[in-house]
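The values are calculated or read from the model by the stated rules, or taken from the named source; none is laboratory data. What you see is a predicted model, and the numbers here were worked out from it, not measured in a lab. Cβ coordinates were reconstructed from backbone atoms using ideal geometry, including for glycine residues, and neighbour counts include every protein chain displayed.
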4 protein chains.
Amino acid sequence: MTSSVAVSGASGYAGGEILRLLAAHPEVEIRTVTAHSSAGEPLIAHQPHLRSLRHLTLQPTTPEVLAGHDVVFLALPHGQSGQYTDALQDAPLVIDAGADHRLTSPDAWDAFYGGTFHEPWAYGVPELPGGRAALVGATRIAAPGCNASTVSLSLAPGVAAGVIDSSDIVAVLAVGPSGAGKSLKTNLLAAEILGSANPYAVGGTHRHIPEIRQALVAAGATGDVRISFTPVLVPMARGILATSTAPIANGVTDAQIRDAWEQAYADEPFVQVLPEGHFPRTADVLGANTALIGLAVDRAANRVVVVTAVDNLVKGTAGAAIQSMNIALGLPEATGLTVNGVAP
Amino acid sequence: MTSSVAVSGASGYAGGEILRLLAAHPEVEIRTVTAHSSAGEPLIAHQPHLRSLRHLTLQPTTPEVLAGHDVVFLALPHGQSGQYTDALQDAPLVIDAGADHRLTSPDAWDAFYGGTFHEPWAYGVPELPGGRAALVGATRIAAPGCNASTVSLSLAPGVAAGVIDSSDIVAVLAVGPSGAGKSLKTNLLAAEILGSANPYAVGGTHRHIPEIRQALVAAGATGDVRISFTPVLVPMARGILATSTAPIANGVTDAQIRDAWEQAYADEPFVQVLPEGHFPRTADVLGANTALIGLAVDRAANRVVVVTAVDNLVKGTAGAAIQSMNIALGLPEATGLTVNGVAP
Amino acid sequence: MTSSVAVSGASGYAGGEILRLLAAHPEVEIRTVTAHSSAGEPLIAHQPHLRSLRHLTLQPTTPEVLAGHDVVFLALPHGQSGQYTDALQDAPLVIDAGADHRLTSPDAWDAFYGGTFHEPWAYGVPELPGGRAALVGATRIAAPGCNASTVSLSLAPGVAAGVIDSSDIVAVLAVGPSGAGKSLKTNLLAAEILGSANPYAVGGTHRHIPEIRQALVAAGATGDVRISFTPVLVPMARGILATSTAPIANGVTDAQIRDAWEQAYADEPFVQVLPEGHFPRTADVLGANTALIGLAVDRAANRVVVVTAVDNLVKGTAGAAIQSMNIALGLPEATGLTVNGVAP
Amino acid sequence: MTSSVAVSGASGYAGGEILRLLAAHPEVEIRTVTAHSSAGEPLIAHQPHLRSLRHLTLQPTTPEVLAGHDVVFLALPHGQSGQYTDALQDAPLVIDAGADHRLTSPDAWDAFYGGTFHEPWAYGVPELPGGRAALVGATRIAAPGCNASTVSLSLAPGVAAGVIDSSDIVAVLAVGPSGAGKSLKTNLLAAEILGSANPYAVGGTHRHIPEIRQALVAAGATGDVRISFTPVLVPMARGILATSTAPIANGVTDAQIRDAWEQAYADEPFVQVLPEGHFPRTADVLGANTALIGLAVDRAANRVVVVTAVDNLVKGTAGAAIQSMNIALGLPEATGLTVNGVAP
């Protein structure tokens, strides 16, 4: 039976991508789309690519408008989801694309976000250890941070298998500016990004760091989890290419290392480990719900190098949300999602 | 007195950039340009942006054609410079933009390049410890590898001051495809690069690794120098943004760390350390001979993070070559070079 | 009942896009993929984004391999399709993505292509006047040239309604380099295209000109059809933004002009006319089988201006081919195709 | 003798480019830089690429601050320059990069801009007929609109020689977003521009249209000057590639047409006509003060096609301003300017 859906933040990038995927999903009916300052305008004015949703008009983002749907997606700036939680108590399923319900540690929340801490919800990355089980039958789901889930998926198999040392992780990510949202900031202007690579949040300040740490601890990390994390904006609208490295654990063989990743994802449709010597490009996952992982063991550097490509708006956000929804609703997990990217 | 100059490989990207800079250099006369398969064609057919050099015709790259100039630039595929060395014995100054004369270790050459080892020449990065002294009066100069010099400049001050541990360096670079030269390879086609981040030479195979190691040893590294090195092609024609990290040495303070870099480059016009909290973009050095360095001390990760922006064709190659030429010839070091980038 | 399909030229851009769309098509089975020099290699080595087709191996492009399928797609360089025509006489449906069967005039073929003229097949643009009827039950279909069909769709309604003068058409197109195919040419290298706009085939030499003329004559053009046609490569992997203008016919009103386009495409799912004052972007049709048309009447210039956005690989090539296949096979026309673009 | 200079609007793109060029100009001293909301901040915070100007601090844009310099550059949003005119009466030379003093016709001003009309100043495109003479000794100069001067330079020779018909001009321009300034608008965000071609001001509304018309009338156009003008934003930070076409005048030969352009620009260093069959790319003029023109005569379409590449911020704005300044001050016209682009 078709589920009725409401999407808030429908004028933004994350909201738009949720709608693009839902429009191709056979088991949902997009009944309501909401926005803040653009309420009253046609959706298509803000999402001109969503031709099949030309009939929809943006309504105001209020608990009343969002109420009465089988599934509610919140695609709001940080700190705004929380205020809807109480009001949406009767909603059968709420999926938050924001950060408010991702962290389990109030201290980590305080250190990286601040403001009111909200209870953690089921974390929307089914391929992490224990991830899928937590989503079965879930009624409240936190979609992941795009950079966080990319790095967590990159390293969790090695952590779980004990073949890497999580105390000295280094991750550097090439990311497209759509991850920053439709925000009017000078550093996100096209003239600033075109032809340039622009680092930001250098030196341990990025808010996705505690989210990675939490995921790797959940994956079985023992001892400290320390992460040097540097994102770099590059001139592509979408995509994350994460290069994540960690020291090789003592005494493990190359085969043990590769096995850790291959076995962890052997049955996963949306997380695929490439053959030895192959590494992914972000174009290969554009528009797809796929994380592609390439793995190298660099004995000279004593590090495992994991290169992972993800579409930040799909597997990083909207696809993760819908994959999680499918699990929560008992639908086939891949419903409405594709593994094939749009390339070139 | 004006020096007469010949540039081989003049139809390629490195050769073209050497010519662009020489065209603005008041102390040289570009007398001869050579190429291989394009000999006989006008230079402008291959370098349509060099409007002031419309009168030049490409001649064949032979020792005879290159002989008789005050300065000869070799901008040839690696492995080809060596064959000209003997033939150019009488040339007062030869500057090689290729790799043939960069490495001092035959073992490193064998491991990463193979083929005939050639004697090392003065290394064209004056800002490295001892670098400038070696260039004064030099008659044979090896311009650096663009990625190598970027990472070496990033970390040498910390190595020299003993504030970082060089045994576990991780460097990830966003690089533009001009660094790969004007090569007809499928993975360098525009449709493959546009909208995508593409890793290559993952896992310790890149040929610039021994060059970095050599530079850091020369800078005073004690014990092992180990480098995890991952370059990522991103959709910008030029530029390198290198994120280089190394563990903080025991017992050093944040101020000691920052001092190491600020003092090392205090008097350098072309290597500039940005104030705390600031990090460079590649657009800021487009067309300039400048390396811009941003520095963070991440105590939670126990790593120093150095983000450096360079134009691979200028400070990474042609600018380094000409800056070195200026030193060798006794000219003011900045002659014909600019610190200002072309942005946005 | 599912149709078995073979795709030749499967290692290229057009072939890859046909496969991407077929992989999402519920009524076909991709049985055979072929290539020339890459025969024997896995498809995924050349199309790493087609994750669902990892099991396929490229076979040689021979009549024997292509025989025995319900539908054969030819995605070969110009001039190569013709040689398969005879050999594939028994194939129920052959769809050629190349130019060999597009033109009805041997003279036009000689003037713009040369070599053996082949008989014209049903032209794969159903939204042109008479286009759909010709495709019903067709057994041989010529998919359109991407630039040609974009301009033809832009202007056909005005020509058919007699509201524009086809004797002085000017079309300038911003096009992505994937339209040029996976060809190893210097001018298609990423370093040449990034940050630059590059014209080509200026001054009336582009091979799509006779194809446009043919389509507009078929649409009812009386008198001369003259077209100034200039394509410009711009730094986006995919997409065509065509600005097509023609003089306003004498005595027609603005409303008559707008009506011509709105009525022509009123019932078309894949060709949509935007409201007055709105114009499309290529990002809005990325990956979609949609042509979006914006229309302005510029009385000061006495010209109708039509701006049309198309994904060259979808509505311009592979989507047109599959839409045409659907019609020929009696399937719902939109099967396996989407109207929604992947944006941002 | 060195001239003292003040630059207002120094935090923006046009102001930044004026400063970049002035920093390389041997006959000026940049004494004062001003901005509006950023007054008090270091220039380098807004122009991080201008490394040689690190010592400068932004002052408020007031007549008092701007007074007392030999040359004042105004790089302000249009409509703001006018208010400084009276206050700067004593300034020996004022150069306005805005639109306020470009148009000679109050009616055209009203139709396209509105608000107070200001007296026209000497127009800063020396290569147009009569252009250089008007600038000799000028004390008030209006730098051109970047799109306008590109199209005017493209067509003026043909108009002046009577070999084209100016009553039915069509110009379509691929333009980089830096031309729109550092404005916080959603449609200028990187995620909106990357991978997309975006038309704007379609249908005769662009403000540069009357400026082109004025220039072509000044060049000798007889009868109507009608221009269909469509700019398209494409994903490159800088650059204009203008495709301008006009009907061939009756009875002229191909040689007469080509002669018109070649003779008009035979002695111009900064406007160069390429040989027959060659057309320019914007990368070839990046950072240069050069307009490159390619010309085709398309007899089948009965149109002359002129493709011109310009860097919108240099020859389109800042370079034109400084070239004009050089003329006004009696300096060699090319002082501080380069003809060579930064490519690839």
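Of the helices (runs of 4 or more DSSP H) lying entirely inside the stretch D:67-157, those containing at least 2 residues that are assigned by TED's automatic domain parsing to the domain that holds D:GLY319, surrounded by 17 or more Cβ atoms within 10 Å (Cβ to Cβ) and hydrophobic (A, V, I, L, M, F, W, C) are D:106-112, D:131-135.
Looking only at the stretch C:23-47, count how many residues are within 18 Å of A:LEU286 (Cα to Cα) and surrounded by fewer than 23 Cβ atoms within 10 Å (Cβ to Cβ).
In the first step, residues of the stretch C:23-47 are kept if they are within 18 Å of A:LEU286 (Cα to Cα); the result is C:23-24, C:44-47.
Now narrow it down to the ones that are surrounded by fewer than 23 Cβ atoms within 10 Å (Cβ to Cβ): C:23-24, C:44-46.
Count: 5.
Within the stretch C:175-228, being of a type in the set (S, T, N, Q), in a loop (DSSP other than H, G, I, E, B) and within 22 Å of the chain's Cα centre (by Cα) holds for C:SER183, C:THR205.
Filtering the stretch D:154-207 to residues that are under 23 Å from D:ALA10 (Cα atoms) and of a type outside the set (Ser, Thr, Tyr) leaves D:VAL175, D:GLY176, D:PRO177, D:GLY179, D:ALA180, D:GLY181, D:LYS182, D:LEU184, D:LYS185, D:LEU188, D:LEU189, D:ALA190. Selection of the stretch B:44-71 for residues being of a type outside the set (S, T, N, Q) and in contact with a Ser or Thr (Cβ under 7 Å, 6 or more places away or on another chain) yields B:HIS46, B:ARG51, B:LEU58, B:PRO60, B:VAL65, B:LEU66, B:HIS69, B:ASP70, B:VAL71.
Any chance you could count how many residues in the stretch D:189-210 are hydroxyl-bearing (Ser, Thr, Tyr) and either more than 10 Å from every other protein chain (Cβ to nearest Cβ) or under 21 Å from C:ASP311 (Cα atoms) (or both)?
2
Matching residues to (1) at pLDDT below 95; (2) touching a Ser or Thr at 6+ places or on another chain (Cβ under 7 Å); (3) part of a helix (DSSP H, G or I):
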| site | (1), (2), (3) |
| --- | --- |
| A:LEU241 | no, yes, no |
| A:ALA260 | no, no, yes |
| A:GLU268 | no, no, no |
| A:ALA283 | no, yes, yes |
| A:ILE293 | no, yes, no |
| A:ALA296 | no, no, no |
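Of the residues C:PRO247, C:PRO231, the single one that is under 30 Å from D:GLY195 (Cβ atoms), in contact (Cβ under 8 Å) with a residue 60 or more places away in the chain and surrounded by fewer than 24 Cβ atoms within 10 Å (Cβ to Cβ) is C:PRO231. Being at positive phi and at pLDDT 95 or above is a property that does not hold for B:GLY79. Assess whether B:VAL5 counts as being assigned to a strand (DSSP E or B), aliphatic (A, V, I, L, M) and away from chain D (no Cβ under 14 Å). Yes; evaluated as a whole, the condition is true for this residue.
The rows are residues; the columns are (1) within 14 Å of another protein chain (Cβ to nearest Cβ); (2) free of Cβ contacts under 8 Å to residues at least 40 places away in the same chain.
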position: A:ILE44; (1), (2): yes, yes
position: A:HIS55; (1), (2): yes, yes
position: A:PRO60; (1), (2): no, yes
position: A:ALA67; (1), (2): no, yes
position: A:SER81; (1), (2): no, yes
position: A:PRO92; (1), (2): no, no
position: A:ALA97; (1), (2): no, no
position: A:HIS101; (1), (2): no, no
position: A:TYR113; (1), (2): no, no
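Every test in (1) within 14 Å of chain C (Cβ to nearest Cβ); (2) under 20 Å from C:PRO247 (Cβ atoms); (3) at pLDDT 95 or above is passed by D:GLY223 save one, and that test is (3).
The condition (being crowded, with 24+ Cβ neighbours inside 10 Å and hydrophobic (A, V, I, L, M, F, W, C)) is satisfied by just one residue among D:LEU313, D:LEU337, D:LEU329: D:LEU313. Annotation note: of B:ARG226, B:ARG238, B:ARG207, the sole residue that is under 25 Å from B:ARG299 (Cα atoms), out of contact with any His (no Cβ under 6 Å at 6 or more places or on another chain) and not acidic (Asp, Glu) is B:ARG226. Residues that are surrounded by 24 or more Cβ atoms within 10 Å (Cβ to Cβ) and either on the phi > 0 side of the Ramachandran plot or touching a strand residue (DSSP E or B) at 6+ places or on another chain (Cβ under 7 Å) (or both) within the stretch A:288-300 comprise A:THR290, A:ALA291, A:LEU292, A:ILE293, A:GLY294, A:LEU295, A:ALA296, listed in sequence order.
When the stretch D:226-237 is filtered for residues that are at the interface with chain C (Cβ under 8 Å from one of its Cβ atoms) and touching a helix residue (DSSP H, G or I) at 6+ places or on another chain (Cβ under 6 Å), the ones remaining, listed by number, are D:ARG226, D:ILE227, D:PHE229, D:PRO235, D:ALA237.
Quick check on A:SER154: is it of a type outside the set (Phe, Trp, Tyr), over 17 Å from A:LEU313 (Cα atoms), within 14 Å of chain B (Cβ to nearest Cβ) and more than 20 Å from the chain's Cα centre (by Cα)?
No.
The rows are residues; the columns are (1) closer than 22 Å to D:GLU333 by Cβ; (2) more than 14 Å from chain C (Cβ to nearest Cβ); (3) touching a Leu at 6+ places or on another chain (Cβ under 9 Å); (4) basic (Lys, Arg).
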| site | (1), (2), (3), (4) |
| --- | --- |
| D:THR104 | no, yes, no, no |
| D:ALA122 | yes, yes, yes, no |
| D:LEU128 | yes, yes, yes, no |
| D:GLY145 | yes, yes, no, no |
| D:ALA148 | yes, yes, no, no |
| D:GLY162 | no, yes, no, no |
| D:SER167 | no, no, no, no |
| D:LYS182 | no, yes, yes, yes |
| D:ASN187 | no, no, yes, no |
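Pairing residues of the stretch A:332-344 that are more than 10 Å from A:GLY319 (Cβ to Cβ) with residues that are surrounded by 21 or more Cβ atoms within 10 Å (Cβ to Cβ) and basic (Lys, Arg), at Cβ distances under 7 Å and at least 6 apart in sequence or on separate chains, gives A:VAL339/C:ARG51; A:ASN340/C:ARG20; A:ASN340/C:ARG51. Being touching a residue at least 40 places away in the same chain (Cβ under 8 Å) and not assigned by TED's automatic domain parsing to the domain that holds B:ASP96 is a description that applies to B:VAL285.
Quick check on the stretch D:196-217: of everything there that is of a type in the set (Gly, Ala, Ser) and out of contact with any Leu (no Cβ under 7 Å at 6 or more places or on another chain), which residue is surrounded by the fewest Cβ atoms within 10 Å (Cβ to Cβ)?
D:ALA201
Evaluating D:GLU27 against the criteria (1) farther than 20 Å from D:ALA320 by Cα; (2) touching a strand residue (DSSP E or B) at 6+ places or on another chain (Cβ under 8 Å) leaves one unmet condition, (1).
One residue stands out in the stretch B:253-298 among those that are of a type in the set (D, E, K, R) and more than 8 Å from every other protein chain (Cβ to nearest Cβ): the one that is farthest from D:HIS55 (Cα to Cα), namely B:ASP254. The set of residues in the stretch D:273-310 being under 23 Å from D:ALA219 (Cβ atoms) and under 16 Å from the mean Cα position of the chain (by Cα) consists of D:VAL285, D:ASN289, D:THR290, D:ALA291, D:LEU292, D:ILE293, D:THR308, D:ALA309, D:VAL310.
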